[in-house]
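The block underneath contains the structure these notes are about, expressed in structure tokens.
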Amino acid sequence: MSSRTSPPANKSSDMSQRHRWSVQPVISKPSHCGRTERCACQVATTSSRDRGRARLRLVAQAGMVVASMTLQVERLEERRRQRLLPKLAGSTRPSAGEICEGGTMGAQPQTLKRRFYERPAVLVAESLIGKVFSYGALSGRIVEVEAYDESEPASRGFSGIRKGNATLFGPPGRLEVYLSYGINYLANVVCERVGVGSGVLIRAMEPLTGIDVMRANRGDPKGPDRRLCSGPGRVCKAFGLSRTDNDADLVVGKVRILDDHVSLPLARSARVGISAGQDLEWRFYVQGNPSVSVPRVPKKRMGAASR
């Protein structure tokens, strides 16, 4: 009997069973290199392609934004040419019956009508010089104002209507009181029709009545009278105007502007404290009045401020 051990009857079948899971699938080689796995050149190619697409998207978006801003500026300029300048060129001064309650000029102060304010801010500003601002027992003669229109960048309405300047776009003959830079309240007289951001900033007044109260409000018991309302912030502080007085009706409300038919020497110049729109002579003031906030030699001398 032989001691040799016979090999397994089905050796090929056993080898196939043992190595079945170690066989790797055939992967086709990419054309860009000879490596079969995801290589660095694939990653770099994909990343650079994505960055290129992102740059193109950003450029397209930036182009759309610039085009939109350019169109908006062109529309604003067109509105300014079509609305403001023709009115200024062909406007006439209103008669006494158009701007004052009662319809006739007389010795007694008369409340300005709504129609007085339904004009461009430049015309209203010029006409406000010499008028009397009245708030209860307090009153002062307006001796300095500045006009602002939404068509020019120095205006609060230039960027459009928003929550903080909604009153400026409201009905004419209203008082917009707002906080400037979180420090002082300022007061604008709203002009033109609803939807147009046009107003007149009251910069200075000559105190008439309630001077002791104005001193108390200002905290300046010994200062000269000329300083009580010399400046837009001082005006609101002396009269006690705050956010609660915003949107007050100047025709039928507790705050009014009166005409007592006083004629004053009128001058005009560029506006004060702004960086844009300095070429516009939209500041009107009484020549030589000590209450004017910033005395300045006028570029153009005008007649008496009597409307």
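Where a number appears in this text, it was derived from the coordinates with a stated rule and is not lab data. Keep in mind the model is a prediction, meaning the values are calculated, not measured. Glycine gets a Cβ as well: all are built from the backbone with ideal geometry, and neighbour counts include every protein chain shown.
General observations
- Placing dummy labels 7 Å off each Cα toward the beta-carbon, the span from Tyr181 to Ala60 is 4.4 nm.
- Footprinting exposure proxy for Thr244, Thr167 (fewest neighbouring C-beta atoms within 10 Å first): Thr244, Thr167
- Footprinting exposure proxy for Cys191, Cys236, Cys229 (fewest neighbouring C-beta atoms within 10 Å first): Cys236, Cys191, Cys229
- A simple count of charges around Val132, restricted to other residues whose Cβ falls under 10 Å of its Cβ and scoring Lys, Arg +1 and Asp, Glu -1, yields 0.
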